[in-house]
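To keep things clear, I will list the structure first and then write my remarks on it.
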Amino acid sequence: LNRSADGVAYTIWKTAVGGTTPTNDFSVSVTPGAGTVQPGGSTSATVNTMTTSGSAQTVALTSSGAPSGVGVSINPTSVQSGGSATVSITVAAGTTPGTYPITITGTGAVAHATTYTLTVGGTNPGSSLQNGGFEQGTANWTQSANIISNSTQATAHGGSWYAWMMGYGSTATETVSQSNVTVAPGASTLRLWVKITTQEVGSTVYDTLKVKIGNTTVATYSNANASSGYVQKTVDLSAYAGQTVTLQFAGAEDASATTTFYVDDVSIS
Ligand SMILES: [Ca+2]
Ligand SMILES: [Ca+2]
């Protein structure tokens, strides 16, 4: 089209595609946005699309980022914006426990993406520790204060939830515990990720986080173990294999200088 040479055609062209026509656009989201599946299990979620401007358009739905052993299928694979689809997630036995972001992309005239956070359970079949990554909030846990958090003022090791313990800078105690934890026969190791920040100086222990099985302390971390990021800790639980126990994290601070303990991704295997 030669705009300068054909004014009438240009006027028609401008009317047809001119800048005042709203651009067709859409959004994509997934509900729920996270889930935990034990190896060998499956779950599903709903992908929702919405027309955010202009007319509805065809949106193709695809996923990416699933780790080895995790299958993701979306049905239907194409919707009109405003429609929804089901995403089915299957986790093969033997899949490595962990937290994996799965990206779900809707592609129409443009592409938009959303993230589903999949946690593959860190427990052996038979070791019944639940919600070890705190992604279901306080489910299965008992806390003495408002400890289990998804506050963005600190970071989780996996997902967005974690246990934020202590940090008062004055004499205080806190506990988070889970009862009726069956340690599978043959299971021997408690694993957890801990980040410790402190105002204390030096290696003298003032503020502590104890890991307890029943009334027995099986591990102690302190201000002397401060780290800039999460560090994986392992605790020998072979003495408890085949038993049903209460797992507790017990924090204690002295009268001054804050120490904060962040705990996430607790598992027994
Ligand atoms: Ca977490
Ligand atoms: Ca202190």
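Tell me the mean residue ellipticity at 222 nm calculated for the chain from its helices only (DSSP H runs of n ≥ 4, each -39500 (n - 2.57), averaged over every residue, nearest 500).
That comes out to -1000 deg cm²/dmol.
Semi-axes of region 88-171's equivalent ellipsoid from the Cα gyration tensor, sqrt of 5 times each eigenvalue, largest first, rounded to whole Å?
29, 21, 9
Hey, in the GNM for the chain with a 10 angstrom Cα cutoff, which one of S149, S68, S160 fluctuates hardest?
It is S68.
Using the charge dipole of region 142-268 (Lys, Arg: +1 at Cβ; Asp, Glu: -1 at Cβ; taken about the Cα centre), state which of S170, G186, T260 has its Cα farthest towards the positive end.
G186
Let me understand region 163-205 better: what is its radius of gyration from the alpha carbons, and its Dmax, in angstrom?
Just the Cα atoms of region 163-205 yield Rg and Dmax of 15.3, 42 Å.
Leaving ligands, DNA and RNA out of it, report the carbon-plus-sulfur percent of the accessible area of region 25-120 at a 1.4 Å probe.
Reported share for carbon and sulfur atoms: 52 percent.
Using the alpha-carbon atoms, what tilt in degrees (0 to 90, nearest 10) does helix 7-17 show relative to the longest principal axis of the chain?
Relative to the chain, helix 7-17 is tipped by roughly 30 degrees.
With a ≥ b ≥ c the root eigenvalues of the C-alpha gyration tensor of region 25-120, is it rounded (a/c under 1.5), prolate (a/b larger than b/c) or oblate?
Judged from the Cα gyration tensor, region 25-120 comes out prolate (a/c at least 1.5, a/b above b/c).
Over the chain, how many percent of alpha carbon pairs lie in each 10 Å bin up to the one with the longest distance?
Final binned percentages: 7, 24, 24, 18, 12, 7, 4, 3, 1, 0.
Mean shadow of region 142-268, computed from the convex hull of its alpha carbons, in nm²?
Computing the convex hull of the Cα atoms and averaging its projections yields 7.5 nm².
Among P185, P39, P97, whose mean-square fluctuation peaks in a Gaussian network model of the chain (Cα, cutoff 10 Å)?
P185
So which residue, out of V91, V194, V231, gets the largest mean-square fluctuation from a GNM of the chain using Cα contacts under 10 Å as springs?
V231
Once the other residues with Cβ under 15 Å from the Cβ of L118 are scored (Lys, Arg +1; Asp, Glu -1), what is the net sum?
-2
According to a simple spin-label model (label point 7 Å from Cα along Cα-to-Cβ), what is the distance in nm between T58 and Q243?
A separation of 6.3 nm, rounded to one decimal place.
How big is the Cα convex hull of region 217-269 in projection, averaged over all directions, in nm²?
Mean projected area of the Cα convex hull: 4.7 nm².
Might you report the magnitude of the Cβ-based charge dipole of the chain about its Cα centre, with Lys and Arg at +1 and Asp and Glu at -1, to the nearest 20 debye?
With Lys and Arg at +1 and Asp and Glu at -1, about 440 debye.
Per residue, how much accessible surface does the chain expose to a 1.4 Å probe? Answer in Å², no decimals.
47
Cut-off under 14 Å on the C-alpha distance; same-chain residues fewer than 8 positions from K233 excluded. Which aspartates and glutamates are left, in chain and number order?
D264, D265
The values are calculated or read from the model by the stated rules, or taken from the named source; none is laboratory data. Computed from a prediction, not measured in an experiment: that's the story for all the values here. All Cβ positions, glycine included, derive from the backbone under ideal geometry; neighbour counts span all protein chains shown. Ligands, DNA and RNA are stripped out before the accessible areas are found, and what is left, the full protein with its side chains, is counted by its heavy atoms. Shrake-Rupley method; radii C 1.70, N 1.55, O 1.52, S 1.80 Å.
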